[in-house]
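Engineer: Questions regarding the structure given below will be posed in turn.
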2 protein chains.
Amino acid sequence: MEKKNFKFSSASTDLVTGASFSQLSKYSDKSASILITDEHIYDAHKTKFRGWNTIILKPGEEYKIQGTADSIIDQLIEFEADRKTTLVGIGGGVVTDITGYVAAVYMRGIRFGFVPTSVLGLVDASIGGKNGIDVKMYKNMVGVIRQPSFILHDLAFLKSLPERQWRNGFAEIIKHACIMDAAMFRELEKNDLAFYMKNKKGLSDLIRRNAMLKIKLVQKDEFENGDRKLLNFGHTLGHALENQYELMHGEAISIGMMAAAHFSRELNGFNQAARIAGILDRYGLPAYGHFDVNKIMPVLKMDKKRERKTLSYILLEKIGKAVIRNLELKTIDKFIRSLS
Amino acid sequence: MEKKNFKFSSASTDLVTGASFSQLSKYSDKSASILITDEHIYDAHKTKFRGWNTIILKPGEEYKIQGTADSIIDQLIEFEADRKTTLVGIGGGVVTDITGYVAAVYMRGIRFGFVPTSVLGLVDASIGGKNGIDVKMYKNMVGVIRQPSFILHDLAFLKSLPERQWRNGFAEIIKHACIMDAAMFRELEKNDLAFYMKNKKGLSDLIRRNAMLKIKLVQKDEFENGDRKLLNFGHTLGHALENQYELMHGEAISIGMMAAAHFSRELNGFNQAARIAGILDRYGLPAYGHFDVNKIMPVLKMDKKRERKTLSYILLEKIGKAVIRNLELKTIDKFIRSLS
């Protein structure tokens, strides 16, 4: 077990790696905690929840909506949760996003922490304090930025993770490699998903490395005025696709990353799009998808990174180095039409 | 017109007194603003809204709920509001509370400002960054603390304010006098509501004085760890009564203040409860009300100031000086039973 503390503007986060769920009570007093998880996690790990007040959500992105937040709030009132209550989200990105959001607004904000149970949760969603819900097909349209008090890694939860979810998480690992870690990109090119699924040490090192990459980047730019935007690589087109085509997040951003790689070639002289295609294939992720531009553009236009007629788009200069470019919506429209 | 700037932890607020609505475009670019108001204000001041994108809400506390926030968010998406959009709440406390809340969570936070149109809004609700919604009978159960970029006072809006709403606002003025301004309490004892309703200068001075009292107190303790709690004088019982008995906020907290005055006599040797009763009567506010303790206590127990079995309760030492006391829930229960 290793604990590191990261300070943010108005809170600090303990990142506890190599831990076990049984240590949770060190970070959150059992009598003053309410756990939030989903049916899949709860059914697969029932005994772990014994003795904890627990709210169980229906699983899946389609429940990452205000109605679910409303129902959690009703249950918090039934539990008589007060300002000394800690909410602990135990699950993938959907569970931790909605837990952080409810904790940020219940009684104008109570303490919260996460136990991410998916690869995507461990390396990405649980880190950085972005939380929230989707509104119709618009991803994360409502939420706030507020940091968890702790993030506890217990990789034993991965035993029950379906393979499609493993691939889903590796999409964000590949993203991190693309935008800021060429050495990790080369490591990923040498290995494959099967290697990490059976190699405990390789996996835990990779997860820890990715969690640290993200948390350090967020620490430098918590409110996304600069470099944090790089994490949106693949996400502009990805988010527009995700909820309309019922893709998993990782699948959608893989298509988005591949598109951004081509866009980077056109605008930035980037010449390694083939390596991106190769690594996506290596980890069982789609590089291309069929979609209707006329359905995509209205959603893409509502991207949170839009300001009036331009949108900040993340492009690659080379593997391991991304840049932020403000592009006209019509330039993006034209490019995406040329793709499909 | 006078503009003062108040800095808070992560934002600053321009308080613009003696202003006119026509100056709004100085603080919020017309092409990048969306106004939020209610049917009463809109119908009484239609021409003012010409040329502004406006969302019109149903009036009243019963619409200060998540469903209204959801509907505002849908309309913001239709307006294609982005992170450069400013929301301006024009109305009483319900409108400004919900506007601030939506602005805090839409796209994880956009700029917002207020034009309070009621006495209560001018002296209290628009100030201090607390925003949110009610959940069932629980007042302000969900929300965040986030400061508006500007508050613009145009007292012309008061022309359409019903008299019951004037009394409603004076309850908060009396509260400010009770907890921190004995001189103002004496001034209020000398005058009455009719005086302020016809005396423009007296009214604008009083409103400005109260707005400044509150904003300075909030500035010292934005997140309510100490003295800001004093503003909750009368609000613990008041909030428990308000939504269950369909009282106006000012009426409910008047009953709450009177109860707290009696409680202060018992616990603090406070001996001026009669003056509190007198001033409430002078401004047409109820000092007592019939209620069912068994209906009240479960709601009161969910007060945001509760921590486990105790609750911080605001008592008076003398007129103009309040103190915070942590009381056992059972002490409060016993006292409230003795009242009714």
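The values are calculated or read from the model by the stated rules, or taken from the named source; none is laboratory data. It should be emphasised that the depicted structure is a prediction, and the values quoted were computed from it without experimental measurement. As a convention, Cβ positions derive from the backbone with ideal geometry for all residues, glycine included, and neighbour counts pool all protein chains shown. Side chains included, ligands, DNA and RNA excluded: accessible areas come from the protein's heavy atoms. Shrake-Rupley method; radii C 1.70, N 1.55, O 1.52, S 1.80 Å.
Engineer: Looking at the structure I just gave you, is A:F112 within 16 Å of A:K7 (Cβ to Cβ), away from chain B (no Cβ under 13 Å) and open to solvent by less than 10 Å² (accessible area, probe 1.4 Å)?
Structural biologist: On the way: within 16 Å of A:K7 (Cβ to Cβ): no; away from chain B (no Cβ under 13 Å): yes; open to solvent by less than 10 Å² (accessible area, probe 1.4 Å): yes.
No.
Engineer: So, of the residues in region A:224-279 that are over 23 Å from A:S118 (Cβ atoms) and charged (D, E, K, R), which turns out to be surrounded by the fewest Cβ atoms within 10 Å (Cβ to Cβ)?
Structural biologist: It comes out as A:E266.
Engineer: Based on this model, can you work out whether A:I90 counts as in a loop (DSSP other than H, G, I, E, B) and surrounded by 22 or more Cβ atoms within 10 Å (Cβ to Cβ)? Before the answer, list the steps.
Structural biologist: Values: in a loop (DSSP other than H, G, I, E, B): no; surrounded by 22 or more Cβ atoms within 10 Å (Cβ to Cβ): yes.
Considered against the rule, which asks whether it is in a loop (DSSP other than H, G, I, E, B) and surrounded by 22 or more Cβ atoms within 10 Å (Cβ to Cβ), A:I90 comes out as no.
Engineer: Of the residues A:D70, A:D97, which is assigned to a helix (DSSP H, G or I), under 24 Å from A:P162 (Cα atoms) and within 12 Å of chain B (Cβ to nearest Cβ)? Walk me through it before giving the result.
Structural biologist: Values: A:D70 fails: under 24 Å from A:P162 (Cα atoms).
Within the list A:D70, A:D97, the selection yields A:D97.
Engineer: Find the residue count for region A:227-244, including only residues that are assigned to a loop (DSSP other than H, G, I, E, B) and modelled with pLDDT of 95 or more. Spell out how you get there, then give the answer.
Structural biologist: Here is the first cut: in region A:227-244, the residues assigned to a loop (DSSP other than H, G, I, E, B) are A:233-234, A:243-244.
The next check asks that each one be modelled with pLDDT of 95 or more; those that pass are A:233-234.
Total satisfying the criteria: 2.
Engineer: Looking only at residues that are within 12 Å of chain B (Cβ to nearest Cβ) and not charged (D, E, K, R) in region A:303-340, which one is surrounded by the most Cβ atoms within 10 Å (Cβ to Cβ)? First the steps, then the outcome.
Structural biologist: The first filter runs over region A:303-340 and keeps only residues within 12 Å of chain B (Cβ to nearest Cβ), leaving A:303-312, A:329.
From what's left, not charged (D, E, K, R): A:310-312, A:329.
Working: A:T310: 16, A:L311: 21, A:S312: 17, A:L329: 16.
Checked region A:303-340; the qualifying residue surrounded by the most Cβ atoms within 10 Å (Cβ to Cβ) is A:L311.
Engineer: Among the residues of region B:158-210, which ones are among the hydroxyl-bearing types (S, T, Y) and open to solvent by 10 Å² or more (accessible area, probe 1.4 Å)? Please lay out each step first, then the result.
Structural biologist: Of all residues in region B:158-210, those among the hydroxyl-bearing types (S, T, Y) come to B:160, B:196, B:204.
B:S160, B:S204, listed by residue number.
Engineer: Quick one: is B:I127 crowded, with 23+ Cβ neighbours inside 10 Å and assigned to a loop (DSSP other than H, G, I, E, B)?
Structural biologist: Judged against the criteria, B:I127 is a match.
Engineer: Quick one: which residue in B:A81, B:A32 is in contact with a Ser or Thr (Cβ under 7 Å, 6 or more places away or on another chain), within 14 Å of chain A (Cβ to nearest Cβ) and open to solvent by less than 40 Å² (accessible area, probe 1.4 Å)? Spell out the reasoning first.
Structural biologist: Values: B:A81 fails: in contact with a Ser or Thr (Cβ under 7 Å, 6 or more places away or on another chain).
Testing whether each residue is in contact with a Ser or Thr (Cβ under 7 Å, 6 or more places away or on another chain), within 14 Å of chain A (Cβ to nearest Cβ) and open to solvent by less than 40 Å² (accessible area, probe 1.4 Å) leaves just B:A32.
Engineer: Consider region A:277-302. How many of its residues are within 14 Å of chain B (Cβ to nearest Cβ) and basic (K, R)? Steps first, please.
Structural biologist: First, pick out the residues of region A:277-302 that are within 14 Å of chain B (Cβ to nearest Cβ): A:297-302.
Pick out the ones that are also basic (K, R) and you get A:301.
Within region A:277-302, residues that are within 14 Å of chain B (Cβ to nearest Cβ) and basic (K, R) number 1.
Engineer: So, one more: List the residue pairs whose Cβ atoms are under 8 Å apart, where the first residue sits in region B:145-157 and is within 14 Å of another protein chain (Cβ to nearest Cβ), the second is part of a loop (DSSP other than H, G, I, E, B) and among the basic types (K, R), and the two are 6 or more positions apart or on different chains.
Structural biologist: Here the result reads B:I145/A:R108, each pair linking region B:145-157 to a residue that is part of a loop (DSSP other than H, G, I, E, B) and among the basic types (K, R).
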